[in-house]
Amino acid sequence: MIRNDSARIDPKRRATIDHRKKQFATPTYQQQDYPHRLNLYHVPPTAEIRLEDFEQWAIDRLRILAELEACSFRNKTPAETTEHIKPLLDNWLRLDANSSSPQGCTDLRLQDQRRKDHYSHFILRLAFSSTEDLRRRFTRVEGALFRLRFQTENARERQEFVASLSLDWEAVSDQEKRTLAQDFLNATPNLKKSDIEDGGWFKVDFETVPELVEARRIFVKGGKAYVPSKEQMSIVLAGFHDRLEQGLELTARALPRLDEDDRLSPILNHLSNNFAIPDSTLADSDTALSGATINASSIDPLSAHFPLCMRNLHMTLRKNNHLKHFGRLQYTLFLKGLGLTMEDCLIFWRQSFKLITDETFNKEYRYNVRHSYGDVGGDAVRRGRGYSPFSCQKILTEHPPGSGESHGCPYRHFSVDNLTSLLQVTGVNDRDVLRGVKEDVDKKRFHIACNRVFEWAHKAEIRQVKDDGTWKAADLDTIVHPNTYFKRSYLLKRGVADDPGQSQPDNMEM
Ligand code: SF4
């Protein structure tokens with residue numbers, strides 16, 4: 001389904017595809033129609049798309065899935081989750097209803113939206129089918145996305161979608177309803193007689209509706225569950241889960257054949273790494289902070305807005321008048337991301353290294369700072385721009401700190417006792433927050449712990465910008481970059497009239 005983009009394919013390689021796998025070399029391309037906004041993703045896509053779309057659509061979907069997972073980790077209620085995800089969906093994975101267009105589902109705009117949704121789902125299946133853990137997580141978040149869309153779909157189009165499914169439902173006859181009416185009333189809380197007489201009822205195998213059986217909300221007899229039509233979502237959702245689980249198993253078995261395509265493997269590997277914590281790069285606009293003075297002498301007061309990784313580096317620097325190599329690199333790039341110029345950065349480091357001479361500083365440290373800014377060394381791409389500030393994913397997964405080093409992420413690289421002490425030193429003394437952080441860390445949700453602390457430290461300000469509508473829910477999505485933490489904290493605490501939409505990096509690093 002990938003368009004042959006000549007710039008990215010080695011023609012010699014194409015010509016030598018194993019003849020036993022020819023079915024992969026000569027697929028039948030076919031454009032699909034999408035009569036409904038909702039999709040059970042039963043049929044894989046077979047039409048061509050560009051490699052760039054393959055990558056970008058998957059990244060856009062991944063943003064949504066990562067946010068959904070973060071909402072569940074942060075114990076958001078279904079209503080809060082819907083409020084939080086809705087604007088993100090509109091941004092990254094918009095799906096409009098048929099009723100939004102006079103041409104209905106034939107509108108090309110709707111077809112394009114649905115095509116992106118369809119393809120991105122199947123691309124992520126490839127990325128997340130390799131291990132049981134990834135399959136389970138993918139099924140859970142895709143199920144959550146489907147549920148959210150199903151619930152927010154308008155009633156008529158939802159009914160049309162359900163009617164189009166060939167699910168194994170058997171309608172309960174009026175005669176049977178009358179015979180079992182008392183059993184229905186006994187088994188289902190808050191059910192009225194009129195609900196039985198007026199509403200539609202279905203019989204399904206009881207294993208297909210585990211949620212309803214577990215919650216004792218329906219009558220079960222002879223292995224069949226009797227389900228009122230208003231509980232239809234449970235059935236559809238169970239069908240969605242079953243199909244997806246089976247589909248992922250099949251995909252996992254086919255995965256080794258994909259190894260022969262070296263265009264896709266790196267993309268898929270990167271996508272699955274991004275599931276734990278989405279990667280991001282800092283756009284140039286993210287460094288702009290209107291009204292802020294960023295220079296060598298303002299770093300101390302600004303450090304109150306730093307995330308724990310950078311607070312730790314700053315405090316260690318002030319205590320020891322020195323930082324080791326990776327600490328300097330992580331911190332220099334973060335300061336660069338704040339908007340600190342190279343000249344000011346050099347002044348900052350020179351003043352911070354109080355115990356060494358100018359000569360030693362110039363000989364041993366100046367070059368590295370200039371290199372980070374792209375002033376010296378590096379290849380043509382890096383020259384002039386230097387290196388990007390590290391994202392949480394990079395800090396969490398690369399170069400763990402050794403003895404005497406202070407870089408890394410304290411939520412990941414500190415013992416729980418040391419982490420708790422550091423949090424308390426920086427003013428986090430709420431017992432519930434500290435307990436939540438410990439739980440997050442135990443479950444290896446390091447960036448969620450960081451977001452938990454952020455939300456606690458900015459509770460009043462977040463409530464205010466939400467109440468007065470100056471920030472949208474999308475401006476408060478999960479923080480996955482230390483510079484985002486800083487900028488968001490600064491804007492919230494100062495009440496600066498800046499565009500909060502710029503506060504989150506908008507491109508994932510590939
Ligand atoms: Fe820093 Fe990210 Fe760790 Fe927070 S989660 S402390 S921002 S690396």
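Derivation of every value follows stated rules applied to the coordinates shown; laboratory data play no part. Keep in mind the model is a prediction, meaning the values are calculated, not measured.
Could you work out [θ]222 nm for the chain from helices alone, using -39500 (n - 2.57) per DSSP H run of at least four and dividing by all its residues? Round to the nearest 500 deg cm²/dmol.
-17000 deg cm²/dmol
Using the C-alpha atoms of the chain, what convex hull volume per residue, in cubic angstrom, is computed?
199 Å³
What span do the alpha-carbon atoms of segment 53-137 cover on each of the three principal axes, reported in whole Å from largest to smallest?
Sorted largest first, the three principal extents are 42, 31, 17 Å.
Give the separation of the Cα centroids, segment 71-136 to segment 228-244, in Å.
Cα centroid of segment 71-136 versus Cα centroid of segment 228-244: 18 Å apart.
So what's the Cα pair-distance distribution over segment 91-235, bin width 10 Å, in %?
Pairs per bin, as whole percents: 9, 31, 30, 21, 10, 0.
Using the Cα atoms of segment 329-457 to build a convex hull, what is its mean projected area in square nanometres?
So the mean shadow area of the Cα hull is 9.5 nm².
Below 8 Å between Cα atoms, with a sequence gap of 6+, how large is the relative contact order for the chain in percent?
After rounding, I find 15 percent.
Rounding to the nearest 10 and keeping the result within 0 to 90°, find how far the Cα-based axis of helix 416-425 lies from the longest principal axis of the chain.
60 degrees
Rounded to two decimals, what is the ratio between the C-alpha radius of gyration of segment 221-263 and 2.2 N^0.38 Å?
1.90
Nearest 10 degrees is fine. How inclined is helix 174-187 to the longest principal axis of the chain, computing both from alpha carbons?
40 degrees
Do the alpha carbons of any pairs in Lys319/Lys487; Lys86/Lys230; Lys363/Lys394; Lys459/Lys493; Lys324/Lys363; Lys354/Lys487 sit beyond 20 Å of each other, and which pairs?
Working: Lys319/Lys487 25 Å; Lys86/Lys230 24 Å; Lys363/Lys394 29 Å; Lys459/Lys493 10 Å; Lys324/Lys363 15 Å; Lys354/Lys487 29 Å.
Flagged as over cut-off: Lys319/Lys487; Lys86/Lys230; Lys363/Lys394; Lys354/Lys487.
Just the ratio, please: alpha-carbon radius of gyration of segment 303-385 over 2.2 N^0.38 Å, N its number of residues.
Here the Cα radius of gyration is 1.07 times the empirical estimate.
Over what distance in Å are the Cα centres of segment 462-481 and segment 394-418 separated?
Their Cα centres are 29 Å away from one another.
Angle, helix 446-457 long axis vs. longest principal axis of the chain, Cα atoms, 0 to 90°, nearest 10?
80 degrees
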